[in-house]
Amino acid sequence: MNILIVDDSSTMRRIIKNSLMNLGYKNILEAEDGALAWEVMLSEEVNILITDWNMPNMNGLELVKKVRADEKYIDMPIIMVTTEGGKTEVITALKAGVNNYIVKPFTPQVLKEKLEAVIGIQK
Amino acid sequence: MTQEELDSIMDSDIDELDLDGTQSEEQRQYDNMTKSYTLDPTKAWPPPPPSSENKVVHQLDDVTKESEEKATQLFDMLDAISSISMDVQEELTATKESINSISKLLEKLTVKFPDMEIFANELNKSQTSISAIDSSLSKIEEVNGYVMEAMDTMQYQDIHRQKIERVVNIMRTLSNYMNKLFEGRIDDDKRVSSAKHIHGDENDNLVEDDDIEALIATFGKNKPYLLADIIPENGLG
């Protein structure tokens, strides 16, 4: 299972990657903005997308809309991990096609629970 | 800066050093102004010149970039600590297993030879060692917990970066707005220069007409011109 982490902060990508590896996920891809993420998604098969919101070139919301418009990724689980903690933002993201939403800072436990919720492997 | 670079500067003529080859003439002028300027928070005037050190957005961008670099280095160190503690954990576990088998052997020997004090003593020692290893293993577990916690806390680097970005965006928006608000149709270098003293100003340096006449008299300029002074010798031609 390929998980793509999209965040312009290398620190954040590393934190998320670390948490995922501790949960046993091995195939982790990275991109530093929405545009680069889309390039990765065109060349590799991505099964789960974890994306930040505020990024240069193409932000997370634009990426989600682009991904959802593609037949191939219409049902792919998407989690948004962002500092945007407003109700309006959460609704906007959900309407765009995000399956779950995490506000930074988060604990590895929260990431685990949200991940399990979107891929339906409740333990 | 490396020691070699430092030595090279020490060996060169300080006056000939180009501190920043990429600087524009304008920037160089501002930086020269800074040399005679000392930032004093108790004084409202003069404000700091917009030199390299004082350009706020530049400084904040540098802070963002450097903190990201330092966070990466910190992460590398935490990864190294985590990897070393895992190695230690494995070594201690292997050592514990060895001592455990020795301990089991000593237990049997102690039962078989109850009069041999040495077996009982060695059994005690091995059990003490196992307890010490267990204690070390739980401390390593604690270290691993702290490492994970430190890694999670590093999310604040990104949160703080975004707070800085927000401030920078506000400043840039204000700056663009002010520029647009004060925009003129005439280029600045084609504009009429400002008068220093205008009638109606409250200023000790302002003069009345009498003062002007007096000044002219002082400079001997109020003498009426003679016709001969303004008409050349060969007449009006």
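The values are calculated or read from the model by the stated rules, or taken from the named source; none is laboratory data. This one's a predicted model, so the numbers in the text were calculated from it and none came from an experiment. Cβ: placed from backbone, ideal geometry, glycine included. Neighbour counts: every protein chain shown.
The one condition from (1) modelled with pLDDT under 95; (2) touching a Phe, Trp or Tyr at 6+ places or on another chain (Cβ under 7 Å) that A:Lys66 does not meet is (1). Condition check for B:Arg166 on (1) more than 14 Å from chain A (Cβ to nearest Cβ); (2) closer than 30 Å to A:Ser9 by Cα: one failure, at (1). Only one of these is in a helix (DSSP H, G or I), away from every other protein chain (no Cβ under 14 Å) and acidic (Asp, Glu): B:Asp152, B:Asp189, B:Asp158. Name it. Sole residue among the options that is in a helix (DSSP H, G or I), away from every other protein chain (no Cβ under 14 Å) and acidic (Asp, Glu): B:Asp189.
In the set B:Ile130, B:Ile118, only one residue is modelled with pLDDT under 95 and farther than 30 Å from A:Leu20 by Cβ; that residue is B:Ile118. Of all the criteria given as (1) within 13 Å of chain B (Cβ to nearest Cβ); (2) buried (at least 16 other Cβ atoms within 10 Å of the Cβ); (3) closer than 18 Å to A:Glu30 by Cβ, the one not satisfied by A:Glu84 is (3).
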